[in-house]
Amino acid sequence: MSKKLTDAMADLNEDAVLEEVKALKAKDVPALDIIAYLQEGMSIVGKRFEEKEYFLSELIMSAEIFKEASDILGGTGEASAASKYGVFVMGTIYDDIHDIGKNIVTTVMASNGFNVVDLGVDVPTAKYVEAIRQYKPKVIGISCLLTTAFDNIKECIQTLEKEGLRKDVKILIGGGPVDEATCKYVRADHVCKNAQETVEYSKKYMGV
Amino acid sequence: MTPQEMTEIRNRRIMAALNLEKPDRIPIMFSGQMDFKFVDPTMVVADYIRRPKLVDEMLIQAAKLPILEEIDSAPTVGMGGMIESMGSIWFAKMKLPGRELPEDALWQIDEQGPMTEEDYDTIIDKGWSVLKQELFDRIGFNPASMPPPDADYMAEIQKKVAELGKTSISSSAKVIPIPSFEVLSAARKLPQFFKDLRRMPDKVRAALDIMESEDENMVEQAIKDDPPVYVFIGGTRAGCDFISPKVYEKFYHTYFRKIVKVMNDNGSKAWFHNDSNWEGFLKYFKEFPKAGCIFDPDHLTDIFKIKEILGDIMCITGNVPPALTSVGTPDECYKYAKKLCEGIGPSGFIMNSGCSVPPNAKRENVEAVVLATIGK
């Protein structure tokens, strides 16, 4: 176990994280092991966030550092391979290009052992359909920061129903204006107020 | 009653609320209301860019509709020509409806983050205004290339607005200060800026000192040139979920402290338009002079907490959620607004949307908020 890497990740020491990842890689430590150390550090970040020692700014930073470190190891695919739980598909709905909230959730989910498929922003319904068919997730997340895009989430969920993909997947929504009324309107399963709630809901639903 | 007499009544109503006195009724001032669709449902958001004069006409007509005529604030006209350049505030490119986005989507900013780590030295050595120009160049924005406002048209449309008899009290048209913390977070992009705060806090603070000082001078001059009742200040990326109290104290609140003093010393109030959750930071606003500020939250800060902590110090506006007016029912909107009137009003309270009334708000929902406020 590389305590040094785990601690550097937990302390958001970007230079030390990148240096240690490179050093471990040079020593032929398997990428999956290195990712596991980073994930351990991210778990501490999550714990510190819950304890109000860290705030969203630290989560955003941790997402960046985790991504930079993963890139050295060949991208987020390696992180996915190290996942303990199932697949989580997420994107920001079409006509909306906001990414901060989505990035926080995808990183926190990845660091909590989910195999995250990040569809990006401005994601058309067809891409959700394709991702669900390909990855067969039990839970998907749709982010939205604009009330003008609520109808797009609604359309997306209706399409998933028509395509026969709705019954096997739980749909979580989140974002600044999204509330219970929105959830009812778009016919999603649950509103997540933050990333941690997404983790807890997904773990509970997947029985882990 | 003439429009001028109506304006005087509305002005007295709003001034009473701003001064924490009891008005004849709770004023209604909706932010960013885009209710042209209430008049012509076939119109789309892209019309702001394609047919801005028609949008202005529809906004004026919407302000005369039954029930909505009770809204005290004037419609925001003349926006069309400004939208393209709005992204420059954040050193971002604009994605516009009908261009990069569908016709009825809301315009959005696409952050570019053109500022480098070395640029902090430029701010410190040469000043923020020098770097700001450089950053505009880097994102390909030339303020001089923007079409100048059509003075004749603006005079004509403002005359029509005056005939509505709405309040003439509004924010300064000359300046909209943005906390330097927020400006840097956009110039660097948020993740990078947060890393800067951690890696080189002294340098960031030194740059903020320069930027804050430049803004103090700019705001003072703008108020002296054209004294407004209040000046709007936006805050979106520094709620208590975003940053720690320590970071807020050291890097953010300094701006509010300096700018509020400049505004109050020159006879203007500070209108804090604070999006996201500010509950944990409300205690810092207790230091401001009584009736010198207005707190305008969106739905993410518990407005009843604001009343509890700041109700004796500043007027509160808010905070009907955009989701409620767009997908809620009239009954839900009425109940929400009634609760605000009873819990926050009647003194020192202005009924408002949380952030803004979205373009897909339903007319019957906005009407329900108005009816609840006027007690019908």
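The values are calculated or read from the model by the stated rules, or taken from the named source; none is laboratory data. Computed from a predicted model, the values in this text were never measured in an experiment. Positions of Cβ are backbone-derived with ideal geometry, glycine not excepted, and every protein chain shown enters the neighbour counts. Accessible surface is based on the protein model in full, side chains and every heavy atom, while ligands, DNA and RNA are left aside. Shrake-Rupley method; radii C 1.70, N 1.55, O 1.52, S 1.80 Å.
Relative contact order for the range A:84-206: what is it in percent, counting Cα pairs under 8 Å that are at least 6 residues apart? Present the calculation step by step, with values, prior to reporting the outcome.
On the way: 219 pairs, mean separation 34.7, N = 123.
Here the relative contact order equals 28 percent.
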**Message:** I'd like the FRET efficiency for B:TYR153 and A:GLU180, computed as 1/(1 + (r/R0)^6) with the beta carbon distance as r and R0 of 35 Å, rounded to 0.05.
**Reply:** 0.20
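Could you pull out every whole DSSP H run in chain A that spans at least 20 Å of Cα extent along its own axis and averages -0.5 or higher on the Kyte-Doolittle scale? Numbers along the way, then the final one.
Working: long enough: A:31-50 (28 Å, 0.42); A:56-72 (24 Å, 0.54).
Those that pass (Cα extent of 20 Å or more, hydropathy at least -0.5) are A:31-50, A:56-72.
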**Expected 222 nm ellipticity per residue - DSSP helices of 4 or more, -39500 (n - 2.57), all of the protein assembly as shown, to 500** = -15000 deg cm²/dmol
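Looking at the range B:280-334, which trypsin sites (Lys or Arg not before Pro) are in a loop (DSSP not H, G, I, E or B) and have at most 14 other Cβ atoms within 10 Å?
Values: sites: B:LYS283, B:LYS286, B:LYS290, B:LYS305, B:LYS307; in loops: B:LYS290.
Here the sparse-neighbourhood loop sites are B:LYS290.
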**Request:** Return the FRET efficiency for the residue pair A:LYS84, B:ASP302: r is the Cβ-Cβ distance, R0 is 35 Å, and the value is rounded to the nearest 0.05.
**Result:** 0.40
**Message:** When a/c reaches 1.5 or more, the comparison of a/b and b/c decides; with that in mind, is the range B:173-317 rounded, prolate or oblate per its Cα gyration tensor?
**Reply:** oblate
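Per residue, what accessible area does chain B have, given a 1.4 Å probe and all protein chains present, in Å²? Display every interim value, and only then the final one.
Working: 15410 Å² over 376 residues.
Accessible surface, normalised per residue, equals 41 Å².
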**In range of the label at B:LYS376: residues from the range B:9-30 whose backbone nitrogen is under 15 Å from the point 7 Å along Cα→Cβ** = B:25-26, B:28
**Prompt:** Size of the dipole of chain B about the Cα centre, Lys and Arg at +1 and Asp and Glu at -1 on the beta carbon, nothing else charged, in debye to 20?
**Reply:** 700
**Prompt:** Which FRET efficiency value, to the nearest 0.05, is calculated for A:ARG187 and B:GLU134 with the Förster distance at 45 angstrom and r the Cβ-Cβ distance?
**Reply:** 0.40
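Leaving out ligands, DNA and RNA, what percent of the accessible area of chain B is carbon and sulfur, probe 1.4 Å?
On the way: 8150 of 15410 Å².
Reported share for carbon and sulfur atoms: 53 percent.
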**Complete:** The Rg/Rh figure for the range A:84-206, Cα atoms and Kirkwood Rh, to two decimals is 0.91
**Message:** I'd like to know which of B:PRO114, B:PRO97, B:GLY267 lies farthest towards the positive end of the charge dipole of chain B, counting +1 on Cβ of Lys and Arg and -1 on Cβ of Asp and Glu.
**Reply:** B:GLY267
**Prompt:** Considering only A:ASN103, B:ILE309, A:SER57, whose Cα is most displaced toward the positive end of the charge dipole of the protein assembly as shown, charges sitting on Cβ of Lys, Arg (+1) and Asp, Glu (-1)?
**Reply:** B:ILE309
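Give me the number: length gained by fully extending B:ASP125 to B:GLU5, i.e. 0.36 nm times residue separation minus the C-alpha to C-alpha distance, one decimal in nm. Before the final figure, lay out the partial values.
Details: separation 120, 0.36 × 120 = 43.20 nm, distance 5.34 nm.
So the extension gain works out to 37.9 nm.
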**Message:** Are there any residues in the range A:27-68 with a reduction of at least 30 Å² in accessible surface when going from the isolated chain to the assembly of protein chains? Probe 1.4 Å, please list them by number.
**Reply:** A:PHE55, A:LEU56, A:SER57, A:ILE60, A:MET61, A:GLU64
**Message:** I'd like the residues of the range B:183-224 whose 1.4 Å-probe accessible area shrinks by no less than 10 Å² going from the isolated chain to the full set of protein chains.
**Reply:** B:LEU190, B:PRO191, B:PHE194, B:LYS195, B:ARG198, B:ARG199
**Request:** Considering only DSSP beta bridges where both residues belong to the protein assembly as shown, give the percentage that are antiparallel (nearest 5).
**Result:** 10
**Fill in**
Ordered by number, the residues of the range B:303-352 with at least 50 Å² less accessible area in the assembly than alone (1.4 Å probe) are B:ALA323, B:VAL327
**Request:** Work from the charge dipole of the range B:218-338 (Cβ charges, +1 for Lys and Arg, -1 for Asp and Glu, about the Cα centre) and give the residue of B:TYR252, B:THR329, B:PRO297 farthest towards its positive end.
**Result:** B:TYR252
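Roughly how much accessible area, to the nearest 100 Å², goes out of reach of solvent when B and A pair up, both sides summed, probe 1.4 Å?
The B and A chains share an interface burying roughly 2500 Å².
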**Prompt:** What accessible area per residue, rounded to a whole number of Å², is obtained for chain A using a probe radius of 1.4 Å?
**Reply:** 43
**Asked** In nm, what is the difference between 0.36 nm times the number of residues separating A:LYS25 and A:MET206 and their Cα-Cα distance?
**Response** 61.9 nm
**Prompt:** Using alpha carbons only, how many degrees (0 to 90, rounded to 10) separate the axis of helix B:253-265 from the longest principal axis of chain B?
**Reply:** 60
**Solvent-accessible surface (1.4 angstrom probe) belonging to B:ILE124, in square angstrom, nearest 10** = 60
**Item:** Centroid-to-centroid separation of the range B:134-171 and the range B:35-77 [C-alpha atoms, Å]
**Value:** 17
**Message:** Quick check for you: which residues of the range B:31-61 have the amide N under 16 Å from the point 7 Å beyond the Cα of A:GLU155 toward its beta carbon?
**Reply:** B:44-46
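Count neighbours as other Cβ atoms within 10 Å of each site's Cβ, and list the trypsin sites (Lys or Arg not before Pro) in the range A:141-179 that are DSSP loop with at most 11 such neighbours. Intermediate values should be presented prior to the final figure.
On the way: sites: A:LYS154, A:LYS162, A:ARG166, A:LYS167, A:LYS170; in loops: A:ARG166, A:LYS167.
For trypsin sites (Lys or Arg not before Pro) across the range A:141-179 that sit outside H, G, I, E and B with at most 11 neighbouring Cβ atoms in 10 Å, the list reads A:LYS167.
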**Asked** How large, in percent, is the carbon and sulfur part of the accessible surface of the range A:3-80 at a probe radius of 1.4 Å?
**Response** 50
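About the Cα centre, and with charges only on the beta carbon of Lys, Arg (+1) and Asp, Glu (-1), how big is the dipole of chain A? Nearest 20 debye, please.
Numbers: 25 positive and 33 negative charges, 183 e Å.
My answer is approximately 880 debye.
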**Fill in**
With a ≥ b ≥ c from the Cα gyration tensor eigenvalues, square-rooted, and the rule rounded for a/c under 1.5, otherwise prolate when a/b > b/c and oblate otherwise, the range B:27-91 is oblate
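Which net charge results when you count Lys and Arg as +1 and Asp and Glu as -1 among the other residues whose beta-carbon is under 13 Å from that of A:THR159?
Details: positive: A:LYS127, A:ARG133, A:LYS154, A:LYS162, A:ARG166, A:ARG187; negative: A:GLU130, A:ASP151, A:GLU155, A:GLU161, A:GLU163.
Local net charge: +1.
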**Message:** On alpha carbon coordinates alone, what is the Rg over Rh value for chain B, Rh being the Kirkwood radius?
**Reply:** 0.95
**Request:** Starting from the range B:60-138, pick out the GluC sites (Glu not before Pro) whose DSSP state is loop and whose Cβ has at most 10 other Cβ atoms within 10 Å.
**Result:** B:GLU118
**Request:** Could you state how much accessible area B:THR167 has, in square angstrom rounded to the nearest 10, with a 1.4 Å probe and all protein chains kept in place?
**Result:** 10
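Assign unit charges at the C-beta atoms only (+1 for Lys and Arg, -1 for Asp and Glu), then state the dipole size of the protein assembly as shown relative to its Cα centre in Debye, rounded to the nearest 20. Intermediate results must be reported in sequence, preceding the final value.
On the way: 71 positive and 89 negative charges, 259 e Å.
In debye, rounded to 20, the protein assembly as shown gives about 1240.
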